[in-house]
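Just below is one structure, and these are the notes that go with it.
The values are calculated or read from the model by the stated rules, or taken from the named source; none is laboratory data. Remember, it's a predicted structure, so these values are computed and weren't measured experimentally. Cβ atoms come from the backbone with ideal geometry, glycine included; neighbour counts cover every protein chain shown.
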Amino acid sequence: MGEPTSEPGQRLLSAALGLFAELGYDQTTSQLIADVAGLPVVTIRTEFGGKRELYLAVIKHVHEEEQALLDRMTETYTHDAAGIHRLLDQYLDHFVDHPREAALWMQRRMYDASDLRDIERLYSFPQIHAVSELTAELVRPDVDMELVIWGIVWSVQTFVYGGIPDAQGGRSSAVDRRAVARFRRHLHSSIDPLLRRDPDEAAS
């Protein structure tokens, strides 16, 4: 099922995304989604077929936004350290602007909707592989770039979802520009040691 075009479908999609991100699929009822959307619960079945199908529509919607991001990243990529840094910046900025998407993926990492096993295979792995292929020439041959990219994905989404704890018991979040700038510097400094030292190595 594609992106809903009706106004009730759009309201349900938005309400479901927020609730699945905050509570998880397993803890979110159809009635709660309908209440947040301000619609009768039967509308979920009418528009999507049920809660499961609505969840898959939410995942597809998020994936399509991330695929558009990947397309933009690919278009502006250059085969140098600046290109790698640009990829990191674009990825971080996307989730800072879309915190509910970060929370949704965090829920899945806590085995939410664990019976829906094909989501990562269908959506996450192709994108991870694409970025790995895109950047392969720039990293050292001993680096497992697929794991590096997964680590960046987990790190960025965890930062956006939970922020950075501090020694005073507080927590800086992705709405704090200084925290985002600090985390951005961390991403850059983390990837730099993995790059080939001699740019000519990439062509050899």
- Query: Within segment 124-204, which helices (runs of 4 or more DSSP H) (wholly inside it) include 1 or more residues that are on the phi < 0 side of the Ramachandran plot, within 19 Å of the chain's Cα centre (by Cα) and hydroxyl-bearing (Ser, Thr, Tyr)?
  - Reply: 125-135, 145-162
- Pick from Ser30, Ser114: which is among the small types (Gly, Ala, Ser) and within 14 Å of Leu13 (Cα to Cα)? Ser30
- Across segment 136-168, which residue is farthest from Glu120 (Cα to Cα) among those that are without any contact (Cβ under 8 Å) to a residue 24 or more places away in the chain and of a type in the set (D, E, K, R)? Asp166
- Message: Can you tell me which residue is modelled with the lowest pLDDT among those in segment 45-82 that are closer than 17 Å to Leu12 by Cβ and of a type in the set (Ser, Thr, Tyr)?
- Response: Thr46
- Test each condition in (1) loosely packed, with under 13 Cβ neighbours inside 10 Å; (2) in contact with a strand residue (DSSP E or B) (Cβ under 9 Å, 6 or more places away or on another chain) for Tyr111 and report the one that comes out false. (2)
- Message: Only one of His129, His94 is buried (at least 17 other Cβ atoms within 10 Å of the Cβ), under 30 Å from Arg52 (Cα atoms), modelled with pLDDT of 95 or more and in contact with an Asp or Glu (Cβ under 9 Å, 6 or more places away or on another chain). Can you tell me which?
- Response: His94
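Residues checked against (1) surrounded by fewer than 13 Cβ atoms within 10 Å (Cβ to Cβ); (2) out of contact with any Asp or Glu (no Cβ under 9 Å at 6 or more places or on another chain); (3) among the basic types (Lys, Arg); (4) within 24 Å of Thr74 (Cβ to Cβ):
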residue: Leu134; (1), (2), (3), (4): no, yes, no, yes
residue: Val139; (1), (2), (3), (4): no, yes, no, yes
residue: Asp142; (1), (2), (3), (4): yes, yes, no, no
residue: Tyr161; (1), (2), (3), (4): no, yes, no, no
- Message: Tell me yes or no: at least one residue of segment 22-42 is more than 18 Å from Met110 (Cα to Cα), aliphatic (A, V, I, L, M), touching a helix residue (DSSP H, G or I) at 6+ places or on another chain (Cβ under 7 Å) and in contact (Cβ under 8 Å) with a residue 40 or more places away in the chain.
- Response: no
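Conditions (1) of a type in the set (Gly, Ala, Ser); (2) over 22 Å from Glu22 (Cβ atoms), marked per residue:
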position: Glu120; (1), (2): no, no
position: Glu137; (1), (2): no, yes
position: Val143; (1), (2): no, yes
position: Ile149; (1), (2): no, yes
position: Pro165; (1), (2): no, no
position: Ser173; (1), (2): yes, no
position: His188; (1), (2): no, yes
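Go through segment 1-51 and give me each residue that's of a type in the set (Asp, Glu) and either closer than 19 Å to Pro99 by Cα or surrounded by 17 or more Cβ atoms within 10 Å (Cβ to Cβ) (or both).
Taking segment 1-51 first, the residues of a type in the set (Asp, Glu) are 3, 7, 22, 26, 35, 47.
The answer is Glu22, Glu47.
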- Task: Give segment 169-185 a look and list any residue that's among the basic types (Lys, Arg) and in contact (Cβ under 8 Å) with a residue 12 or more places away in the chain, or say none.
- Result: Arg182, Arg184
